[in-house]
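In what follows, a structure is listed as structure tokens, so that the remarks can point back to it.
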Amino acid sequence: MKLIVTTAGRTDEKMIEQAKSVAYDLHVPFVKRQKHSIEHIKATTEADVIVVGKERVELHIQGESDSIFFHPNSSMFRVKRLLRGESDPFLEAAQLRKGMSMLDCTLGLASDSILASVAVGEEGKVTGIEGNRFIAYLVKQGLKSWKSEVEEMNEAMKRIIVIHQTFEAYLRCCEDNSFDVVYFDPMFQEEIEESDGIKGIKNLALYTALTEETINEAKRVAKRRVVLKDHWKSRRFEQHGFTVYKRKTAKFHYGIIQTSV
């Protein structure tokens, strides 16, 4: 993946310095915008483009008209429901409580990790693994800088630890029982047309198979349970021995492997 960094159309010295800093972090070239359109820059450089603006950092990839940027997506209204004392299917499956820890092996845009971080609170810990280094960078910066009207959510986002790594490699390095919950939300084998939230990252996502070795590593690392979110038609639940919590009207279910009583 060839990548460059530039600024938004209306720029200033502060934005240019920020863009250069992003380019330095990612070890890619900085290119001056010079009033060119992003499509023109993509065409002439034959590269994907990170655009540093005043409000956010966007990734524009070849062949796509929409940009990718960090946004809490569904976690915003899910957090509000949680703070009102309402339940959430993911938290019911994971059984997360204050002070617990979770390893999110498929971080993506961090929607579930944000909810988990609110649930475990300041005493807990949420670590997210993302295999694509550019998504990992966008999400890591976004979690630090995004401001919502809910302070508990803002603080929860800042507490999430983002690591660029494959989950296979990271799990192998973890000690036994080092997280209460290990969570997988892989790209579904079946399409769900309503899933607008992930459309932007589908071309960058790693479609890594869940192998028996990976699940065994997850069971070793998880003190309490391994949780899998997957399409209701998925064969992975049965293949790896998950107990499935079926939801009548939902297009996806949660599977559980209990590792302790």
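The values are calculated or read from the model by the stated rules, or taken from the named source; none is laboratory data. From a predicted model like this one, the values you see are computed outputs, not experimental measurements. Methodologically, a virtual Cβ is constructed for each residue, glycine included, from the backbone with ideal geometry; neighbour enumeration extends over all protein chains shown.
Quick notes on this one:
Per-residue answers, yes or no, for (1) over 16 Å from the mean Cα position of the chain (by Cα); (2) farther than 21 Å from V79 by Cα:
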| position | (1), (2) |
| --- | --- |
| Y137 | no, yes |
| Q141 | no, no |
| E149 | yes, no |
| A156 | no, no |
| V162 | no, no |
| Y170 | no, yes |
| C173 | yes, yes |
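- Which numbered condition V52 misses (of (1) within 25 Å of V226 (Cα to Cα); (2) buried (at least 20 other Cβ atoms within 10 Å of the Cβ)): (1)
- Out of S111, S87, S101, S117, sole residue that is at pLDDT below 95, surrounded by 13 or more Cβ atoms within 10 Å (Cβ to Cβ) and assigned by TED's automatic domain parsing to the domain that holds A250: S111
- Entirely in the stretch 162-250, the helices (runs of 4 or more DSSP H) that have 1 or more residues that are closer than 24 Å to L143 by Cα and at pLDDT 95 or above: 167-173
Conditions tested, residue by residue: (1) touching a residue at least 24 places away in the same chain (Cβ under 8 Å); (2) among the hydrophobic types (A, V, I, L, M, F, W, C); (3) farther than 22 Å from C174 by Cα; (4) not assigned by TED's automatic domain parsing to the domain that holds D180.
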site	(1), (2), (3), (4)
N216	no, no, no, no
R224	yes, no, no, no
V227	yes, yes, no, no
R235	yes, no, yes, no
F252	yes, yes, yes, no
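- Scan of the stretch 56-87 for residues that are in a helix (DSSP H, G or I), without any contact (Cβ under 8 Å) to a residue 24 or more places away in the chain and of a type in the set (D, E, K, R), ordered by number: R81
- Filter pass, A93 being of a type in the set (A, V, I, L, M), in the same structural domain as Y137 (by TED's automatic domain parsing), touching a residue at least 12 places away in the same chain (Cβ under 8 Å) and not in a loop (DSSP other than H, G, I, E, B): yes
- Subset of the stretch 56-82 (residues that are more than 20 Å from the chain's Cα centre (by Cα) and surrounded by fewer than 12 Cβ atoms within 10 Å (Cβ to Cβ)): G63, S65
- The stretch 30-45, residues that are of a type outside the set (A, V, I, L, M, F, W, C) and either over 29 Å from the mean Cα position of the chain (by Cα) or part of a loop (DSSP other than H, G, I, E, B) (or both): K32, R33, Q34, K35, H36, S37, H40, T44
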